[in-house]
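The values are calculated or read from the model by the stated rules, or taken from the named source; none is laboratory data. Every value quoted in this text rests on a predicted model; they were computed, and no experiment measured them. Heads up, the Cβs are rebuilt from the backbone with ideal geometry, glycines too, and the neighbour counts pull from every protein chain shown.
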Amino acid sequence: MLEKELETAVALACVAGERILEFYALEIVAEEKLGADNLAEPVTIADRTASRIIVEGISEVFPDDAILSEEEIDDASNRIGRKRVWMIDPIDGTWGFIKKDGDFGVQIGLTENGEAILGVVFLPVHGKLYFAVKNEGAFLIENAGEPKRLHVSDKTDFAQMNLASSRNHRSPRMHRIIENFGIRREIQRGSVGLKVGLIAERICDLYVHLSPRTKYWDTCAPQIILEEAGGRMTDVFGVPLRYDLRDVQNHNGILASCGSAAHKRAVSKLKPLLSEFGRFRAVNVK
């Protein structure tokens, strides 16, 4: 099931990744753009080039599907009326690309009726390719080797968990969460896909992202990969993510964990903290 879709997404992610590495070897000139949340964020020629490679490739093979890419104009009226929509982040972790710290990836996800059903995350510098199809498991290919099936840890004790947190978008409130949860080890990395990959590989067990600034293209591919590895991803209030709304912003943050039991405990533990922070769930209407 979805063999052609997966084959296409993997091939395009790899081609885009190779092109990105060509830019990565040169001097990187960053510009500012106005994001979907009307705030400034960086963009480079590599972002735009990779986007064109992926969008054109998908359009050629699946002309009836809608496409949402970070670097393209969103035709929301057309998108929300389609059964299947591709979600593309040509470079997730642009700051990591600009800083040349290796923490960035190509993300291609596919949704059906608002739910993620396929995901590919390629980390060019690390030579890692994560992929998953709904009900078919999650896998990792390292340095063009054989696919390895992924499964999250079974940890439920926060004191034994490793927390994946953002390197470039650090929130002071994260210190409060770490202290309250009793977490003893934190790994700071860039890119949502990279951090979620750490959970799928059992290197980390939990990821809390309070910021309301992530978008559909940041979470779609990582979500299905994590969930097919046995993990969970919702907003920080424990409500499932949806991808069929006009507003593409994840206003209620991200909570990713190593499984249902850990996720339920994390949601419960976060509830009083969110109240303390004055954070209440925003309702995104279709």
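Details
- Pairs are defined by a Cβ separation below 9 Å, a sequence spacing of at least 6 or placement on different chains, a first member in the range 114-137 that is within 16 Å of V152 (Cβ to Cβ) and in contact (Cβ under 8 Å) with a residue 60 or more places away in the chain, and a second member that is among the acidic types (D, E) and in a loop (DSSP other than H, G, I, E, B); the pairs so defined are Y130/E201.
- Some residue of the range 195-215 being at pLDDT 95 or above, among the basic types (K, R) and farther than 22 Å from W95 by Cβ: yes
- Of all residues assigned to the range 86-107, at least one qualifies as being out of contact with any strand residue (DSSP E or B) (no Cβ under 6 Å at 6 or more places or on another chain), hydrophobic (A, V, I, L, M, F, W, C), buried (at least 16 other Cβ atoms within 10 Å of the Cβ) and under 21 Å from Y216 (Cβ atoms).
- Candidate set from the range 215-243 (those that are hydroxyl-bearing (S, T, Y) and part of a helix (DSSP H, G or I)); member that is nearest to V152 (Cα to Cα): T219
- For G81: the one exception among (1) closer than 14 Å to T111 by Cα; (2) more than 21 Å from the chain's Cα centre (by Cα); (3) modelled with pLDDT of 95 or more: (3)
- Of the strands (runs of 3 or more DSSP E) that lie entirely inside the range 150-214, those containing 2 or more residues that are surrounded by fewer than 18 Cβ atoms within 10 Å (Cβ to Cβ) and over 13 Å from the mean Cα position of the chain (by Cα) span 185-189.
- Extreme residue, surrounded by the most Cβ atoms within 10 Å (Cβ to Cβ), among residues of the range 8-22 that are without any contact (Cβ under 8 Å) to a residue 60 or more places away in the chain and not aliphatic (A, V, I, L, M): T8
- Criterion (more than 30 Å from G81 (Cβ to Cβ), in contact (Cβ under 8 Å) with a residue 24 or more places away in the chain, in contact with an Asp or Glu (Cβ under 6 Å, 6 or more places away or on another chain) and among the basic types (K, R)) met by exactly one of R167, R176, R202, R189: R189
- A residue that is closer than 22 Å to K134 by Cα, outside any helix (DSSP H, G or I), out of contact with any Lys or Arg (no Cβ under 7 Å at 6 or more places or on another chain) and modelled with pLDDT of 95 or more can be found somewhere in the range 45-62.
- Condition met for A256 (assigned to a helix (DSSP H, G or I) and either aliphatic (A, V, I, L, M) or under 29 Å from S69 (Cα atoms) (or both)): no
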